[in-house]
Amino acid sequence: MEVQTINAEAVESGKRLDKVIGAHLSDLSRTSIQTMIKEGHVTVNAKSVKASYKVEEGDVIEVTIPDPKSTEILPEDIPLDIVYEDHDVIVVNKPSGMIVHPSAGIYSGTLVNALLYHCKDLSGINGVARPGIVHRIDKETSGLLMVAKNDQAHRSLAKQLEEHTVIRRYVALVHGVIDHNLGRIEAPIGRDQDDRQKMAVTAHNAKSAITNFKVLERFKTMTLIECRLETGRTHQIRVHMQYIGHPVYGDPKYGWKNDDTSHGQYLHAKILGFVHPTTGEQLVFDSELPDYFQEKIAELRGEMHES
């Protein structure tokens, strides 16, 4: 099971408990939230309350999200782009639009469903809802993920993530022409005070976040960049690039309104590297950009040649 803690803020005073939880935990439906409250999986200041409870500033809300029943997460014959596999790890190139693991109300069509069909030996550290999942990327972000096939491998990979030794490089197409070749964004990220389903650069209840980037190619109105993360905050690249005035193209949350969002944000986890949990060998993998991403780049290059 997973426990989420919410510290109620002044702007949330007087609002219903279920609505406040829904604003913070957007993956949960209101019905599932009300069920969890009724079944005692939600406490406010360590006490059980009703869904209609009016939140006060300073309230500490703890939401215990129970793991879905194992029978609800079934293997599904969903094609996987497997870049590497051995007895300990699998490296998968996830397509945009695929959710990494099941959550309340979402039990099928995820990467986990596909992995369960592909192999039976996945680590159990994260429970039945997230077998083998060491880290994740957003639903509409494509690219490389490492998956652990046993608990020993899981612990090793998780430690590498914690110590920031995992190599992770993302490629993004952003609005605007960035005139400098290298950049470093050091700005704390927390929940957006105006839209609780989004993150933002803020000093309020935020965590430090650092994104490094370099320019790969410039176009008439956009720039192709490579990003390297020093931290792993929710929506970090998307929030940081919006913050400096260069939002990721196609981003339904942080991009421009007239963007083509049919493929989600043009953000791809291209390079992934880690030390093998058993052999100690340094492994580095590089993946191709999705076809729609490459086609967009070709279109932008064509516009440059026309000028």
Please name all residue pairs, on different chains or six or more residues apart, with Cβ atoms under 7 Å, provided the first residue is in the range 190-210 and is touching a residue at least 40 places away in the same chain (Cβ under 8 Å) and the second residue is part of a loop (DSSP other than H, G, I, E, B) and hydrophobic (A, V, I, L, M, F, W, C). V201/A187
Output for the range 271-288, where each listed residue is β-branched (V, I, T) and in contact (Cβ under 8 Å) with a residue 12 or more places away in the chain: I271, V275, T278, V284
Of G264, G250, G232, G280, which residue is closer than 30 Å to H154 by Cα, open to solvent by less than 10 Å² (accessible area, probe 1.4 Å), part of a loop (DSSP other than H, G, I, E, B) and small (G, A, S)? G264
Within the range 87-98, does at least one residue satisfy the condition of being over 29 Å from T279 (Cβ atoms) and of a type in the set (V, I, T)? no
With the requirement that a residue be part of a loop (DSSP other than H, G, I, E, B), surrounded by 14 or more Cβ atoms within 10 Å (Cβ to Cβ) and modelled with pLDDT of 90 or more, what does the range 20-49 give you? H41, V49
Look at L17 and say whether it is farther than 16 Å from V60 by Cβ and buried (at least 16 other Cβ atoms within 10 Å of the Cβ). no
Top-ranked residue in the range 107-123 [being open to solvent by 50 Å² or more (accessible area, probe 1.4 Å) and not acidic (D, E); ranked as modelled with the lowest pLDDT]: Y107
Any idea how many residues of the range 90-104 are under 24 Å from T261 (Cα atoms), assigned to a loop (DSSP other than H, G, I, E, B) and in contact with a Pro (Cβ under 9 Å, 6 or more places away or on another chain)? 4
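The values are calculated or read from the model by the stated rules, or taken from the named source; none is laboratory data. Since this is a predicted model, take the numbers as computed values, not measurements. Positions of Cβ are generated from backbone atoms using ideal geometry, with glycine treated the same way; all protein chains shown enter the neighbour counts. SASA here: full protein model, heavy atoms, side chains in, ligands and nucleic acids out. Shrake-Rupley method; radii C 1.70, N 1.55, O 1.52, S 1.80 Å.
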